[in-house]
Amino acid sequence: MISIALSKGRILDETLPLLEAAGIVASENPDTSRKLIITTSRAGVRLIIVRATDVPTYVQYGAADLGIAGSDILVEHGGIGLYQPLDLKIARCRLMVAVRKGFDYERAVRQGARLRVATKYLQAAREHFAAKGVHVDLIKLYGSMELAPLTGLADAIVDLVSTGNTLKANALVAAEEIAQISARLIVNQAAYKLKRSAVQPLLDALTRAVK
Ligand code: PRP
């Protein structure tokens, strides 16, 4: 049996058509079903539905053989025990620094100001600001990051931007791009070796589907 870990939400809408193109059709729609284990049209392949941030963990420990996770999530996880053989080129967005309209981010950086930055992407933010030599106090949040600059919790946020509508609706502006984000296929390193005969055809089918 091969288990593929997926998460609901943003990535799933684009993942299901890609899996279908690779010959893996879910027996139920994970978005509407309450089941967390879903069989597929492909014998010996099932989907397990977990929180987006938990996908790498399931695959790292071999509770799932494969998984689909955003590169943002993978940076935070660290990638231990995972192969990342394929960029699925779906669920694309950008990880950005954003600030309140009117806040001069460039100037603050130039002046060497110590910035308070709220984010759920601590690792990516830490790496980014360290590489720029900007001193930051990072504040971990779990969602609604846009509120932080509006309430005085932080000077800036690090968050995903797709259409830009959420920033706009909250009078924030993007100040800097940290990374281009897309969904990646991840594979448990042991499963890749020990279940190669089952895993490789799935990798090949997904590679063809991406093309
Ligand atoms: C992301 C992100 C922003 C929003 C940006 O949240 O945190 O809030 O999408 O999208 P936009 O630029 O198209 O407006 P997501 O929907 O992934 O949910 P989350 O807040 O639970 O992470």
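Within segment 164-187, the residues that satisfy the criterion of being over 21 Å from ALA91 (Cβ atoms) and in a strand (DSSP E or B) are LEU172, VAL173, ALA175, GLU176. Taken over segment 84-102, the residue count meeting the criterion of being surrounded by 17 or more Cβ atoms within 10 Å (Cβ to Cβ), away from the ligand (no atom under 15 Å from the Cβ) and part of a loop (DSSP other than H, G, I, E, B) is 1. Scanning segment 150-182 for residues that are among the hydroxyl-bearing types (Ser, Thr, Tyr) and either open to solvent by less than 50 Å² (accessible area, probe 1.4 Å) or without any contact (Cβ under 8 Å) to a residue 40 or more places away in the chain (or both) gives THR151, THR163, THR166, SER182. Among residues of segment 117-134 that are modelled with pLDDT of 95 or more, those with a beta-carbon under 6 Å from a residue that is open to solvent by 10 Å² or more (accessible area, probe 1.4 Å) and among the hydroxyl-bearing types (Ser, Thr, Tyr) at least six positions away or on a different chain give the pairs LYS120/TYR142. The condition of being out of contact with any strand residue (DSSP E or B) (no Cβ under 8 Å at 6 or more places or on another chain) and at pLDDT 95 or above holds for only one of ARG46, ARG94, ARG42, ARG100, that being ARG42.
Regarding VAL75, is this residue among the aliphatic types (A, V, I, L, M), touching a residue at least 24 places away in the same chain (Cβ under 8 Å) and in a strand (DSSP E or B)? For VAL75, the condition - among the aliphatic types (A, V, I, L, M), touching a residue at least 24 places away in the same chain (Cβ under 8 Å) and in a strand (DSSP E or B) - is not met. With respect to the conditions (1) hydrophobic (A, V, I, L, M, F, W, C); (2) assigned to a loop (DSSP other than H, G, I, E, B); (3) in the same structural domain as LEU167 (by TED's automatic domain parsing); (4) crowded, with 19+ Cβ neighbours inside 10 Å, ALA64 falls short on a single one, namely (3). Would it be correct to say that ASP137 is open to solvent by less than 70 Å² (accessible area, probe 1.4 Å), outside any helix (DSSP H, G or I) and away from the ligand (no atom under 15 Å from the Cβ)? For ASP137, the condition - open to solvent by less than 70 Å² (accessible area, probe 1.4 Å), outside any helix (DSSP H, G or I) and away from the ligand (no atom under 15 Å from the Cβ) - is met. Among the residues of segment 166-196, the ones that are at negative phi and more than 20 Å from the chain's Cα centre (by Cα) come to 13 in all. Among the numbered conditions (1) open to solvent by 10 Å² or more (accessible area, probe 1.4 Å); (2) free of Cβ contacts under 8 Å to residues at least 40 places away in the same chain; (3) among the hydrophobic types (A, V, I, L, M, F, W, C), the only one that ILE38 does not meet is (1).
Which residue, of GLY143, GLY112, is in a loop (DSSP other than H, G, I, E, B) and within 15 Å of the ligand (Cβ to nearest atom)? One residue alone meets the criteria, GLY143.
If only residues of segment 9-29 that are touching a strand residue (DSSP E or B) at 6+ places or on another chain (Cβ under 9 Å) and closer than 15 Å to ALA91 by Cβ are counted, the one that is nearest to the ligand (Cβ to nearest atom) is ARG10.
The values are calculated or read from the model by the stated rules, or taken from the named source; none is laboratory data. Remember, it's a predicted structure, so these values are computed and weren't measured experimentally. Cβ coordinates were reconstructed from backbone atoms using ideal geometry, including for glycine residues, and neighbour counts include every protein chain displayed. For accessibility, only protein heavy atoms count, side chains too; no ligands or nucleic acids. Shrake-Rupley method; radii C 1.70, N 1.55, O 1.52, S 1.80 Å.
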